[in-house]
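In what follows, a structure is listed as structure tokens, so that the remarks can point back to it.
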Amino acid sequence: MFTRRQLSLYVPRAEGALLEAVRRVLDPVQAGLIPAHVTLCREDELGQVSAMEIEARLRMAAVKPITLGFGRPVSFEGHGVLLRCVAGEQAFHQLRIDAQGATAIRRHGPHITLAHPRNPRPAKGSLVDAMGLPENLSFTLASIFLIEQVGATLPWRVLREFALTRQ
């Protein structure tokens, strides 16, 4: 079994309740694996870096909470549905630089996946179900989570939480 680790920004539970309800309809598999989130760094970007090293990088950079705004749901790769970031992308990219400890990193557009195309299409649920979401969603993300998934069917688990300090 393979293991994946990544850094994610979880949507705050209370603010994300409506998102979670839509995710459970559009993709119950994905909703059961991981809460609504924005992936900050994928496994190939983390390599074997330790949680202590990530924490040191974040502390040295004096990172702060970031606010990201999201637009209307859009389809991708068949039955996938996501919310693209429409505000805060520069702060997101800077946080990626800080977490990776390097400036020469690839661009990664922040988004929230509501339905992943690799999962089976549910009997009910389509882009129409996501269209009831407010037109402009905005979330302040105040923690980074180091998470891990063993295999492809087990839920992601939190290994560490790194609070983004306020300065």
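The values are calculated or read from the model by the stated rules, or taken from the named source; none is laboratory data. Remember, it's a predicted structure, so these values are computed and weren't measured experimentally. Please note: Cβ atoms are built from the backbone with ideal geometry, for glycine as well, and neighbour counts cover all protein chains shown.
Inclusion of R23 among residues that are exposed (fewer than 14 other Cβ atoms within 10 Å of the Cβ), within 16 Å of the chain's Cα centre (by Cα) and of a type in the set (D, E, K, R) is not warranted. Among the residues making up the stretch 68-113, those that are in contact with an Asp or Glu (Cβ under 9 Å, 6 or more places away or on another chain), assigned to a strand (DSSP E or B) and either among the charged types (D, E, K, R) or within 29 Å of Q48 (Cβ to Cβ) (or both) are L68, R72, T113. Considered as a group, the residues in the stretch 141-167 that are more than 27 Å from A91 (Cα to Cα) and assigned to a loop (DSSP other than H, G, I, E, B) include one that is modelled with the lowest pLDDT, and that residue is A152.
Among all residue pairs at least 6 apart or on different chains, which show Cβ distances below 7 Å where the first residue, located in the stretch 15-40, is of a type in the set (S, T, N, Q) and the second is surrounded by 15 or more Cβ atoms within 10 Å (Cβ to Cβ) and modelled with pLDDT under 95? From the stretch 15-40, the pairs are Q30/R23; Q30/T113; Q30/A115; Q30/H116; Q30/N119. Among the conditions (1) in contact with a Gly (Cβ under 9 Å, 6 or more places away or on another chain); (2) surrounded by fewer than 19 Cβ atoms within 10 Å (Cβ to Cβ); (3) farther than 18 Å from E135 by Cβ, the only one that Y10 does not satisfy is (2).
A residue that is within 23 Å of T3 (Cβ to Cβ), at pLDDT below 95, assigned to a helix (DSSP H, G or I) and of a type outside the set (A, V, I, L, M, F, W, C) cannot be found anywhere in the stretch 114-134.
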